[in-house]
1. So, of the residues in the range 1-39 that are of a type in the set (Gly, Ala, Ser) and in contact (Cβ under 8 Å) with a residue 24 or more places away in the chain, which turns out to be nearest to Leu366 (Cα to Cα)?
2. Residue under question is Gly349, and the condition is that it be more than 22 Å from His298 (Cβ to Cβ) and either at pLDDT 95 or above or of a type in the set (Ser, Thr, Tyr) (or both); does it hold?
3. With (1) in contact with a Ser or Thr (Cβ under 7 Å, 6 or more places away or on another chain); (2) surrounded by fewer than 21 Cβ atoms within 10 Å (Cβ to Cβ) as the list, and Lys274 as the residue in question, which single condition is left unmet?
4. Looking at (1) surrounded by fewer than 24 Cβ atoms within 10 Å (Cβ to Cβ); (2) closer than 23 Å to Phe162 by Cβ; (3) of a type in the set (Val, Ile, Thr), find the lone condition where Thr382 falls short.
5. Of the residues in the range 317-361, how many are surrounded by fewer than 23 Cβ atoms within 10 Å (Cβ to Cβ), over 27 Å from Arg37 (Cβ atoms) and of a type in the set (A, V, I, L, M, F, W, C)?
6. Only helices (runs of 4 or more DSSP H) wholly contained in the range 153-230 count here; list those with 1 or more residues that are touching a residue at least 24 places away in the same chain (Cβ under 8 Å) and closer than 17 Å to Pro270 by Cβ.
7. Between a first residue in the range 284-309 that is outside any loop (DSSP other than H, G, I, E, B) and a second residue that is among the charged types (D, E, K, R) and surrounded by fewer than 24 Cβ atoms within 10 Å (Cβ to Cβ), which pairs have beta carbons less than 7 Å apart while being 6 or more apart in sequence or on different chains?
8. List pairs: first in the range 84-96 and on the phi < 0 side of the Ramachandran plot, second surrounded by fewer than 21 Cβ atoms within 10 Å (Cβ to Cβ) and among the acidic types (Asp, Glu), Cβ under 6 Å, 6+ apart or cross-chain?
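The values are calculated or read from the model by the stated rules, or taken from the named source; none is laboratory data. Small disclaimer: the values here were computed from a predicted structure and weren't measured. Here the Cβ is made from the backbone with ideal geometry for all residues, glycine too, and neighbour counts use every protein chain on show.
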Amino acid sequence: MANELFNWLYRDIEDQARVILEPSNYNYYRSGATRERTLARSKDSWASYDFVPRIPIERKTVSSRSQFCSVELATPLYVAPMAFQSLLNSGAESQFALAANLVNVPYCLSSRTTTSISEVAEIASDEAERRRLFGQLSGFHKHMLEHFWQADEAISSGAKLFFQVYFMAEREVTFQLAEEAQLNGFSLFLLTVDTPVLGMRLSDLKMGFVPPEGYADKLYDRLVREGRLSSAKSADDIPFQPKSRDNALNQDPGIGLGALRLLKARVDLPVAAKGVIRQSDLYGALAEGADGVVISNHGGRQLDDTVLTADALWRLWDNFESSRISVDGGISNGADVVKALCMGASSVGIGRNAAWAFAVGGALGLASYLIELRIEIEYVMTLLGVASVSELGRSDITLSSRT
């Protein structure tokens with residue numbers, strides 16, 4: 001069992017993924033904008049903060065339950081949205097969702113999914129598939145997961161799925177995908193507001209990265225076949241051609257906080273604005289109807305030399321209602337997660353490390369990684385001297401004197 005302890009959390013799974021994946025596919029998930037300085041700095045950003053443990057009169061059983069935008073969370077984690085996951089491993093998004101659901105961690109599906117929304121929802125909640133995946137876990141991971149299941153019983157059952165929304169040039173595609181996610185039982189939308197255009201990812205351009213073959217055609221053909229879209233681009237009834245379909249799926253260059261009201265007018269689920277860094281934009285998002293925000297710099301993939309999300313949380317968001325705040329960027333282990341909670345977030349999105357675990361081990365690797373994350377979160381909380389997420393605060397953390 002000692003060999004299984006934190007085998008996914010603390011071994012270099014990125015190096016293994018680099019060997020396994022096609023070079024351009026690996027680089028797509030690794031890359032950042034222009035000179036990648038934000039990307040490089042984000043990897044150690046959470047290490048700039050130190051814990052200040054307390055010694056309670058009596059230690060109690062630890063629970064990491066949390067809430068984000070009215071969604072109850074068994075632990076303050078979700079798998080962050082990532083595009084084109086079929087580039088990582090077979091099964092793609094549906095297996096991602098299955099692994100996360102097994103561990104009671106929400107999975108956020110990207111608008112740029114290579115698997116249909118309905119298939120993701122179906123596989124995520126397939127009991128036979130869950131049993132099959134559980135049977136593949138090591139003895140250590142099975143034991144710990146059963147412990148978490150017992151503690152999670154009070155949390156509502158069923159797969160928790162989030163959907164990330166890009167406003168595309170063809171806005172009706174955006175709305176149809178969002179409505180399809182709602183029909184398939186998704187519980188929260190993350191509207192990306194920091195991507196009017198894709199960042200200048202020079203390393204991707206140099207390596208000639210292209211999306212999965214036929215991605216745009218498959219999406220349009222499915223929506224047309226299901227009657228969600230007309231097969232005509234205009235009143236002249238000219239069918240979509242592959243090139244025009246690709247263009248229609250580009251980002252809407254006019255995207256801003258006002259898109260929150262447009263999306264909320266079409267759906268009946270909570271919506272969080274993803275990609276907020278400035279405090280004024282946080283309040284602006286709420287004024288436009290957002291139920292919460294995700295503090296994010298898009299993993300350093302949009303504008304380089306951007307403030308790090310750890311620093312943004314530390315400087316700007318104290319004394320704000322934590323259930324409306326989430327964060328992603330550079331978080332790789334349970335200690336980082338707890339630091340984010342101390343700073344005022346209620347949940348954390350895990351991106352690249354989840355991708356590497358999936359690339360190396362498929363659904364089994366991702367489930368094992370998430371189990372180990374859950375273990376470390378509660379382990380850190382125990383040593384920090386708190387029994388619940390609500391007890392965490394600024395007094396439990398400080399800016400390191402090393403910085």
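1. Among those residues, the one meeting the criterion is Ala17.
2. For Gly349, the condition - more than 22 Å from His298 (Cβ to Cβ) and either at pLDDT 95 or above or of a type in the set (Ser, Thr, Tyr) (or both) - is not met.
3. (2)
4. (2)
5. 1
6. Ranges flagged: 171-183.
7. Partner pairs satisfying both residue conditions: Gly292/Arg324; Val293/Arg324; His298/Asp194; Gly299/Arg352; Gly300/Glu36.
8. Taking only residues 6 or more apart or on different chains, the pairs are Ser94/Glu119.
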